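What follows is a single structure, written as C-alpha cells, with notes after it.
The values are calculated or read from the model by the stated rules, or taken from the named source; none is laboratory data. Small disclaimer: the values here were computed from a predicted structure and weren't measured. FYI the Cβ positions are ideal-geometry reconstructions off the backbone, even for glycines, and counts take in every protein chain you see.
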Amino acid sequence: MASWVPTAARGMKPGLAGYTQPVRIMGIDPGFHRCGYAVVEAATDAESLVASGVLLTTRGKALGERLCELAEGFEALLRDWAPDVVAIEEIYFAKNVKTAIDVAQARGVLLEHAAAAGIAVAEYTPTTVKSQLTGNGRADKEQVAYMVRRILRLDDDQPQSRLDDELDAIAVSLCHGQRMAIPEVLR
C-alpha cells in the first residue's frame, strides 16, 4: 500500500514562490506515441529554454511495451536534466475515448516516475496554460506558439521546425515558471 510522505521529508523544495535561484522546470505534453518535453530555467526576471524535444514510442508495439519505452526515455530525461519540478498538462477532452485512455495511462507513468524520483509535480489544464501565456484561455495553437517564441526570443529557422507536442511542453514549462512567482493566495 502506498503511503503519503510530506514534501519536505522527500527532499523536495516545499515552495517555489519567492525563489532567488534559477529553477529548472521540465514541462511535459503527455502522449503515448509522441510525448513533448521541454526544460526551461526560470529566474525572477527571465526564462530560458535549455532543451526540448519529443519522446517517440514504436508504432505497432503493444501499449505496455510503448509505456515501457516512454518510462525509459523519461527516466533518462530526469537523469540528464535534473529538474527541480515537472509541470505536466492535464487531459481535458478527447474525441477518441481509446486514445484518451492510452494518453491517461502514459500520463500516469510519467507522474509515477517523477514522484519516484522525488521531484515535485505541478499540473495545468490547457486552458490555464493558454490563459497564462496569451491572456486568453481559448487561444489557438498559433497564438500560443507565437507567445512561446516571443517570451523565449526563439529564432527558429522555419516556423514549423518544432512539433506541436514540443511547443506545448515549452508552454507548460513557461506557464509554471510564470505562476510560481505569484503568491498561492492570488492564483
Query raised in the report: Listed residues 73, 108, 137; which is under 21 Å from residue 179 (Cα atoms) and not in a strand (DSSP E or B)?
Result: 137
Query raised in the report: How many residues does segment 169-183 hold that are modelled with pLDDT under 95, part of a helix (DSSP H, G or I) and over 13 Å from residue 122 (Cα atoms)?
Result: 0
Query raised in the report: What is the number of the single condition among (1) touching a residue at least 12 places away in the same chain (Cβ under 8 Å); (2) out of contact with any strand residue (DSSP E or B) (no Cβ under 9 Å at 6 or more places or on another chain) that residue 97 does not meet?
Result: (1)
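Per-residue answers, yes or no, for (1) under 21 Å from residue 34 (Cα atoms); (2) of a type in the set (Ser, Thr, Tyr):
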| site | (1), (2) |
| --- | --- |
| 98 | yes, no |
| 101 | yes, no |
| 112 | yes, no |
| 115 | no, no |
| 131 | no, yes |
| 138 | no, no |
| 143 | no, no |
| 146 | no, yes |
| 150 | no, no |
Report summary line: Apart from one, (1) touching a Lys or Arg at 6+ places or on another chain (Cβ under 7 Å); (2) assigned to a helix (DSSP H, G or I) all hold for residue 103; the odd one out is (1)
Report task. Look through segment 113-134, keep the residues that are in contact with a Phe, Trp or Tyr (Cβ under 7 Å, 6 or more places away or on another chain) and either touching a residue at least 40 places away in the same chain (Cβ under 8 Å) or part of a helix (DSSP H, G or I) (or both), and return whichever of them is surrounded by the most Cβ atoms within 10 Å (Cβ to Cβ). Result -> 126
Query raised in the report: Which one of these is modelled with pLDDT of 90 or more, surrounded by fewer than 18 Cβ atoms within 10 Å (Cβ to Cβ) and either under 30 Å from residue 153 (Cα atoms) or not aromatic (Phe, Trp, Tyr) (or both): 87, 51?
Result: 51
Report task. Test each condition in (1) at pLDDT below 95; (2) not in a loop (DSSP other than H, G, I, E, B) for residue 15 and report the one that comes out false. Result -> (2)
Query - Leading residue by the ranking (surrounded by the most Cβ atoms within 10 Å (Cβ to Cβ)) among those in segment 32-48 that are in a strand (DSSP E or B) and among the charged types (D, E, K, R) - result: 47
Query raised in the report: Of (1) in contact (Cβ under 8 Å) with a residue 12 or more places away in the chain; (2) on the phi < 0 side of the Ramachandran plot; (3) surrounded by fewer than 18 Cβ atoms within 10 Å (Cβ to Cβ), residue 82 satisfies all except one. Which?
Result: (2)
